[in-house]
Amino acid sequence: MANMLAVIAAGDFSTQAVLAAEALRKAAANLGHTITVELRSSLGIQTPLDTAAVQRAQGVLLVGTGEFGEERFAGLKRTVATLDAVLADARGALESALGAGPAVVPVPSAPAAKASKAIVAITSCPTGIAHTFMAAEGIQQAATALGHKIRVETQGSVGARDTLTDAEIRDADVVLIAADTQVDLARFAGKRVFKSGTKPAINDGKALIARALAEATVHGDAAASPHLSDAVAAGKAERSAQRTGPYKHLMTGVSFMLPFVVTGGLLIALAFALGGIYVYEESNAGTLGYALFQIGAKSAFALMVPALAGYIAFSIADRPGIAPGMVGGMLAASLGAGFLGGIVAGFIAGYGVAFLNRHIRLHRNLEGLKPVLILPLLGSLLTGLLMIYVVGAPVAQALAWLSAWLKGMQGSSAILLGLLIGAMMAFDMGGPVNKAAYAFSTGLIASQIYTPMAAAMAAGMVPPLGLALATKLFADRFTKEEREAGNAAAVLGIAFITEGAIPFAARDPFRVIPALVAGAALTGAISMAIGAELKVPHGGVFVLPIPNAVTQLGGYIVALVVGTVVTAVALRVLKKPVTVAVETGKAAAAV
């Protein structure tokens, strides 16, 4: 029997750290060994190892990324493993640690020290919730496994976390941007920069880091380059070649618009709760409800469309596009063109400013006037005149027709739309199809059409909730790791994070995805059929108790429960028992 130690450094992934620790304890017990585990996360150090435990141990397993306090383990066998590897096969990781040789011999290897690189990275996704942090974890684990020093800044829905310092950026060999939205690169002038989406970081972090080290190019630096206009033009061309097109620009605008929608919706709901449905009338001036309505409806909601348009333009043309985009967004709102007009204005401003930037040539000493004077002025004129005289009125008419059609939908038409929205929300769980349905539903809030948003959020909660329920009711259909992951999926589901279903779907897509789509589509159809309205585009079950945030609350909860149960039952029907699946695989391999 061996006495083993394990140190799990998980950063913000404290839940996964606890699951990995429990998996290691069970694996050690099954192998007839003992193991003492120390957890290090953003919550601090839990169950720290004492001196006696270190002295009687035969080896130590270092799991994850970060600071392990390795000076305590001089002379002990040391093995490094990723958090994913331990969660997937704790027994294998422990057996590898038991068979590892003394770490004191290979650790001071000179070639490894020369190969090590200092990498700084930024991750970001449109909603800033799941993919942002999944990409960060993938990069951290891959860099540690490859022996590189890594620091990752996440730009999520709550703002930037673990912000990179000037010293870290200065000392970095390469800057890795894994983002599905526009990231400001002003800090990285003169550094080697490589840009990618979040998916490569999640799926194969090692390959992404290898590409970054091999293919990164120097980002333009005004101080280092005597030809500023040429450097800027080259940087623009490089950025344009690496973008994924209009979809990425639209999602950037939506991600910046969301805080205005959430804030405005909640404040309006609270205003109605305090002052009634006529709280906005002048006779209620001076009351708290009236004040909350002014803040929510007249301020936060009024900035929705300008923010959408401004940051679409920002994604296309960088900072010079923000002012023309927001001006176009304000005009869209005043012309009655709503979120559709805001989208059009954002693309006009973005591509217009980018065109002007490429074709306006100034003396090098006057280049500084372009981003702060020339481009915002000409871009605002171009966008504003086109919105007023060309596209504003037709888009306003299209939005009015769409609004009237949506508000007048009843019976089979509403059910069909709910089925479509629900199916799209579950189809790729945070991918382009999901985001298209979500962006459509969110944008309609500006036109006071709330039923699609209700269907979208309920349907987006169903996939992880249905999987969590299935792991409890039909445990024989899931592996041990999947059953343990079901608890985390439940938490993600109630918070409206559809991405919690991704690991399950990735393992068995042809059985899991149809089950998820069936349950989510049914939930969307029920939500639309009962006319449930949701004034807040995020928050999951946590916004349901807020008065007036959602209408038809009882029926809405029923829709959520029915979709969850249908998903779980569909998984029971479509998925084979794990033991049967394993035996079938072995038989096929034998043949």
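Some points to look at:
- Filtering segment 423-450 to residues that are modelled with pLDDT of 85 or more, open to solvent by 10 Å² or more (accessible area, probe 1.4 Å) and β-branched (Val, Ile, Thr) leaves nothing.
- Any hit, segment 326-334, residues being over 28 Å from the mean Cα position of the chain (by Cα), free of Cβ contacts under 8 Å to residues at least 12 places away in the same chain and closer than 29 Å to Ser441 by Cβ: yes
- Candidate set from segment 470-484 (those that are under 24 Å from the mean Cα position of the chain (by Cα) and touching a residue at least 40 places away in the same chain (Cβ under 8 Å)); member that is least open to solvent (accessible area, probe 1.4 Å): Glu484
- Number of the exception - Ala525 against (1) under 15 Å from Thr451 (Cα atoms); (2) under 23 Å from the mean Cα position of the chain (by Cα); (3) small (Gly, Ala, Ser): (2)
- Qualifying residue in segment 336-350 (condition: in contact (Cβ under 8 Å) with a residue 12 or more places away in the chain, of a type in the set (A, V, I, L, M, F, W, C), more than 18 Å from Leu250 (Cβ to Cβ) and surrounded by fewer than 24 Cβ atoms within 10 Å (Cβ to Cβ)): no
- Residue within segment 15-26 that is more than 27 Å from Arg161 (Cα to Cα) and either touching a Gly at 6+ places or on another chain (Cβ under 7 Å) or among the polar types (S, T, N, Q) (or both) present: no
- Qualifying residues in segment 361-406 (those that are of a type in the set (S, T, N, Q) and over 21 Å from Arg319 (Cα atoms)) - the one surrounded by the most Cβ atoms within 10 Å (Cβ to Cβ): Ser403
- Members of segment 550-561 found to be more than 20 Å from Thr498 (Cβ to Cβ) and either in contact with a Pro (Cβ under 8 Å, 6 or more places away or on another chain) or open to solvent by less than 40 Å² (accessible area, probe 1.4 Å) (or both), listed by number: Gly555
- Residue count, segment 3-48 (criterion: surrounded by fewer than 19 Cβ atoms within 10 Å (Cβ to Cβ), among the hydrophobic types (A, V, I, L, M, F, W, C) and at pLDDT 80 or above): 2
- Members of segment 277-317 found to be open to solvent by 30 Å² or more (accessible area, probe 1.4 Å) and closer than 17 Å to Leu375 by Cβ, listed by number: Tyr311
- Number of the condition not met by Pro514 [criteria: (1) surrounded by fewer than 19 Cβ atoms within 10 Å (Cβ to Cβ); (2) at pLDDT below 85]: (2)
- Single residue of segment 529-542 satisfying the filter (open to solvent by 10 Å² or more (accessible area, probe 1.4 Å) and not in a loop (DSSP other than H, G, I, E, B)) that is nearest to Met424 (Cα to Cα): Ala529
The values are calculated or read from the model by the stated rules, or taken from the named source; none is laboratory data. What you see is a predicted model, and the numbers here were worked out from it, not measured in a lab. Backbone-built Cβ (ideal geometry, glycine too); neighbour counts: all protein chains shown. Calculation scope for accessible area: heavy atoms of the full protein, side chains included, ligands and nucleic acids excluded. Shrake-Rupley method; radii C 1.70, N 1.55, O 1.52, S 1.80 Å.
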